[in-house]
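The values are calculated or read from the model by the stated rules, or taken from the named source; none is laboratory data. Just so it is clear, the model here is predicted, and its values are computed rather than measured. Here the Cβ positions follow ideal geometry from the backbone for every residue, glycine too, while neighbour counts run over all protein chains shown.
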Amino acid sequence: MQQVKSEAFFAGARVIEPRQLPVRIRPPGRKLANLLGRAWVLHRVGVIRAGGIMALLAVGGGLIQAREPIGQGLAGLMALAQSQFASAGFAIGEISITGQSLTREQDIFDALGVEPHTSTMGFDVEAARQRIAELPSVDTVSVRKGLPGDIVVTITEKVPVARWRVDGVTFVVDGQGEQIGEDGGAYGDLPLVVGDGAADDALVMIRALQQYPVLEKGLVALSRIADRRWDMIYDTGLRVQLPELGVAQSLRKLDMYQSEYQLLDRDVTVIDLRVESLVAVRPAETIPEETKEQ
């Protein structure tokens with residue numbers, strides 16, 4: 001670099017008012033460019049991240065808008081592929097179902113989801129098994145593919161413990177009081193419970209009665225009263241009224257009275273055990289002899 005002496009620099013200098021100095025003319029947009037450049041230097045990482053987020057949002061919005069057409073297209077392709085596989089000899093052949101008694105076959109077929117052009121390649125065994133397992137009467141189920149294109153369904157149903165009649169319809173219920181099907185007449189040997197809420201506590205009452213076989217003879221129904229207590233109804237028309245609490249003690253007392261006095265065989269219409277300290281009975285109405293003669 002060439003050095004210039006101060007004397008040479010000030011040789012032609014003159015005193016001037018600063019306001020008389022010319023103003024530099026900046027090119028248009030230069031200030032904005034400087035600001036953008038400064039922002040890029042100071043906030044480059046944040047700008048890059050914001051840009052990436054905006055790009056992801058834009059792509060996501062586009063995918064959401066295109067989801068329905070894409071889904072329809074894929075569904076069409078899957079249906080076409082299923083049809084081609086079925087035409088090529090991979091169609092589902094025989095469907096074998098075993099173990100069902102309460103479960104309707106039509107409900108099982110609907111849960112399998114097999115259509116006329118469904119192929120073995122496109123049949124989802126696990127999805128079908130889960131749908132069948134959700135049927136109310138099914139306890140466990142296995143679904144497997146056989147050869148050449150068969151489907152084998154093996155069902156284990158829940159165990160019915162009682163019949164429940166409500167609103168004129170008789171259902172079969174399991175140990176948890178859940179409806180597992182309608183009684184078509186094949187479960188006449190099961191105890192019958194009637195009334196709202198009867199199914200919930202039926203198993204407890206049935207197990208309590210099983211300890212006293214003599215009390216089960218001729219018993220046709222257990223009636224739930226106000227969802228609080230039970231009445232035992234016999235084929236002779238006799239009604240035994242049990243208390244809300246202390247049912248086990250009342251059954252034991254009734255068993256003793258039957259053993260010693262054959263109380264259930266007497267000509268009475270009601271045996272009331274609701275009061276712990278006594279047993280009340282209502283004799284059957286008898287027709288006076290003079291009325292008979294007339």
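Table for the structure above
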{"quantity": "Qualifying position, being farther than 26 Å from Leu190 by Cβ and not hydroxyl-bearing (Ser, Thr, Tyr), among Val220, Val240, Val275", "calculated": "Val275"}
{"quantity": "Answer residue from the stretch 242-254, given it is touching a helix residue (DSSP H, G or I) at 6+ places or on another chain (Cβ under 9 Å) and surrounded by 18 or more Cβ atoms within 10 Å (Cβ to Cβ) and is farthest from Gly197 (Cα to Cα) among those", "calculated": "Leu254"}
{"quantity": "Among residues of the stretch 256-278, those that are of a type in the set (Val, Ile, Thr) and more than 19 Å from Lys217 (Cβ to Cβ), counted", "calculated": "1"}
{"quantity": "Count of residues meeting criterion [in contact (Cβ under 8 Å) with a residue 12 or more places away in the chain, assigned to a strand (DSSP E or B) and among the acidic types (Asp, Glu)] in the stretch 224-244", "calculated": "0"}
{"quantity": "Every pair of residues 6+ apart whose Cβ atoms lie under 7 Å, when the first sits in the stretch 107-124 and is modelled with pLDDT under 70 while the second is small (Gly, Ala, Ser) and in a strand (DSSP E or B)", "calculated": "Ser119/Ala91"}
{"quantity": "Filter result for Ala226 (more than 13 Å from Val161 (Cα to Cα) and among the small types (Gly, Ala, Ser))", "calculated": "yes"}
{"quantity": "Candidates Val161, Val193, Val153, Val138, filtered to the one that is within 20 Å of the chain's Cα centre (by Cα), free of Cβ contacts under 8 Å to residues at least 60 places away in the same chain and buried (at least 18 other Cβ atoms within 10 Å of the Cβ)", "calculated": "Val138"}
